[in-house]
Amino acid sequence: MTSPEPAQEVGDILLQQGLLSTAQLEQVRRRQRRLRLAQHRAVVDLNFVSEEQAWRALATISGLEFVAVNTLNLPRATLELVPIKFLFHYHMLPIGIEDGVITLAFSEPPHQMEAGNLQLLLNRRFKIVLATPSAIHAVIKKHFGLGAAVIQKLREERGGGDLDREIVFDVPEREEDSALDATISAFVDQILQEALRLQATDIHLEPYAHAVRLRYRLDGILETVPVPPDMRHLHAAVVSRLKIMAGLNIAEKRLPQDGRIAMKTGSEEYDLRVSIMPTKHGEAVALRLLGRQQLFLDLNQLGMEPDQEALFAQLTKLPQGLVLLTGPTGSGKTTTLYTALAQANDEGRKIITFEDPIEYQLEGVVQIQVREQIGLSFATGLRSVLRHDPDVVLIGEIRDPETAEIAVRAAQTGHLVFSTLHTNNSIGAVTRFLEMRIEPYLVSSSLVCSVSQRLARRICRHCSEPDRHLPPELREEMAAALKIPASEVQAFRGRGCVECHQKGYRGRVAIYEMFLLNETLADLIQPGVKTGELRAAARRFGWRSLREMGWLKVQRGLIPVAEQERWTHSLNPGGAPGSPSLVPGE
């Protein structure tokens, strides 16, 4: 008697199609077992294939038709063939009707019992097809707005029609109040979960006279999220719910308030930094999402070039010296600094941070919050920190001459100091210190390396295509920067697909510029030294500008020319590539 053939899996289909390697399939199966995920979700989580490729394979083994619902022009009448609460509950869409049979697109093949229950509820026959969760979600959000299910439920509780008065979230006194508060809580959770799903870094909720605007910051750009018109009447209740979660005073509506919310989804933990600000039409809310697990990246995940990565790894092992991170707000300086601390953190070293605010909580690191209102500033607190015998010190930001002087002296006396400084480029850190009236000999003897960085949007890997419209002058500049023939220059762009929500971008990658001091460069640091003079000298030792490093990422298809121009157009171009070194005077 022969044993039955094993059931074919999504991974087997993708392997046959050449979209997955045997090693990748084994990695998918390990993740599937460890996290108890369906295989089609595990393969997408690992970013080996696109969501559409995985779901097409799922449709094949399920014997169902696959439909790209996001490409359909669905009229409102078709979407209303099924009550809206069923769309959210079953995560499906009606996409057509023929001879009385509705075609329903599901994000997962429904179980037989589930399909039977739905047929009883709808009291009509239907045909099942498969679509990706992202596509279904995008269509629902586009036509109904985020929170449509909550609005619908509240309308039903009030006998139908629009909500015509403001809903207040407070401590429940009656059973119906508890049901209302549970509904509001579910809506707040939906806002947060959607932000996590889209990998947003910030959530902005802003009230106006007749509407509320909800925006997520995705890959550094604010994007408006559609919400139902009746959302205006829920705004006060939503703000109150967030205040309760953050431990803030729900009765105080006249003053700004700040707090934190800890939340967990599956195995991931998040901190939400909450800021409430009173405005003319109500309280505005800004939430910063901080992922605890995702922060501590390996150096090779930051986006550094191999020589930069090797140099930065050496910097974290130094016994003393000052390492500065420069760049505008939102350029990823905190992530780079904390990655450096993660590399420097071992049992034999004591690490103390002095921050404003403490964004991430680090295991094994003493973290201190700046409190200017009670006199605990960077300068005053730093003196006390140094008396606690630290090996490594992180100063959130050098804002004034006093903090700068303490930092450089600490770096001279056996401490490895990391900090941030607001300058446009890495070499500008030197002249900024001199402008703060720090003695040149202190700067030259304490500063080891200055790193400038920007966060550019990464091209979506699923819709990347060659960019045929690179202007000749940029092609020539790029060829000169990379030291290659103009004919070998290449650039890419994202066409836009369901994976990247038609944006052409998915995720971000950092561009780094590193200015490493050696004896020759240190000798040039004198009162009145020009940035151009330092730059010219640094080029002889392999310094490369931020713009040059950006061209490397354009050539490799990581970022488009548009992002390169957005972040580096105003910075000094040109120069010769080379490899920095920690060897003095080299």
- Query: Counting Lys and Arg as +1 and Asp and Glu as -1, each charge on the Cβ, what is the dipole of the chain about the Cα centre in debye, to the nearest 20?
  - Reply: 540 debye
- Query: When the C-alpha atoms of the stretch 1-82 are aligned to their principal axes, what extent does each axis show, in angstrom, from largest down?
  - Reply: 52, 36, 25
- Note down the net charge around residue 538, summing +1 for each Lys or Arg and -1 for each Asp or Glu among other residues with Cβ under 11 Å from its Cβ. +2
- Ordering 327-333, 30-36 by per-residue average of other C-beta atoms within 10 angstrom, highest first, gives 327-333, 30-36
- In degrees, nearest 10, the alpha-carbon axis of helix 148-157 is tilted away from the dominant principal axis of the alpha carbons of the chain by 50 degrees
- Note on the structure: For the chain, the longest principal axis of the Cα atoms and the Cα long axis of helix 235-246 enclose an angle in degrees, to the nearest 10, of 60 degrees
- Query: Under a 1.4 angstrom probe, counting protein chains only, how are 103, 224, 520, 403 ranked by accessible area, largest first?
  - Reply: 224, 520, 103, 403
- Message: Which order do the peptides 74-84, 41-51 come out in when sorted by mean C-beta neighbours inside 10 angstrom, highest first?
- Response: 41-51, 74-84
- Which angle from 0 to 90°, rounded to the nearest 10, does the C-alpha axis of helix 401-412 make with the longest principal axis of the chain? 70 degrees
- Task: Using the structure shown, list the pairs from 333/503; 243/264; 253/280; 141/253; 317/350 with a Cα-Cα distance above 20 Å, or answer none.
- Result: 333/503; 141/253
- Task: Specify which residue in the list 426, 406, 442 is farthest towards the positive end of the charge dipole of the stretch 348-466, using unit charges on the beta carbon of Lys, Arg (+1) and Asp, Glu (-1), about the Cα centre.
- Result: 426
- Note on the structure: Check: C-alpha center the stretch 341-362 vs C-alpha center the stretch 510-551, spacing in Å is 28 Å
- Item | Positive minus negative residues near residue 29 (Lys, Arg vs Asp, Glu; Cβ under 14 Å) | +2
- Computed over the chain, the Cα gyration tensor eigenvalues, each multiplied by 5 and square-rooted, give semi-axes in Å (largest first) of 48, 32, 22
- Note on the structure: Counting only DSSP loop positions in the stretch 349-405, the GluC sites (Glu not before Pro) whose Cβ has at most 13 other Cβ atoms within 10 Å are 363
- Message: Please give the Cα centre distance for the stretch 31-96 versus the stretch 466-486, rounded to the nearest Å.
- Response: 41 Å
- Rounded to the nearest 10 Å², the accessible area of residue 374 using a 1.4 Å probe with every protein chain kept is 130 Å²
- Message: Nearest 5 percent is fine: what portion of the DSSP beta bridges confined to the chain is antiparallel?
- Response: 65 percent
- Query: How would you order 488-497, 409-418 from highest to lowest mean count of nearby Cβ atoms within 10 Å?
  - Reply: 409-418, 488-497
- Note on the structure: As a percent rounded to 5, the proportion of antiparallel DSSP bridges among beta bridges in the stretch 337-407 is 10 percent
- Item | Along each principal axis, Cα extent of the stretch 183-266, largest first, Å | 34, 32, 26
- Task: For n ≥ 4 DSSP H runs only, could you compute -39500 (n - 2.57) per run for the chain, divide by its residues and tell me the 222 nm figure to the nearest 500?
- Result: -11000 deg cm²/dmol
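The values are calculated or read from the model by the stated rules, or taken from the named source; none is laboratory data. Since the structure is predicted, the reported quantities are computational estimates derived from the model, not experimental observations. As a convention, Cβ positions derive from the backbone with ideal geometry for all residues, glycine included, and neighbour counts pool all protein chains shown. Just the protein is used for accessible areas: all its heavy atoms, side chains included, with ligands, DNA and RNA removed. Shrake-Rupley method; radii C 1.70, N 1.55, O 1.52, S 1.80 Å.
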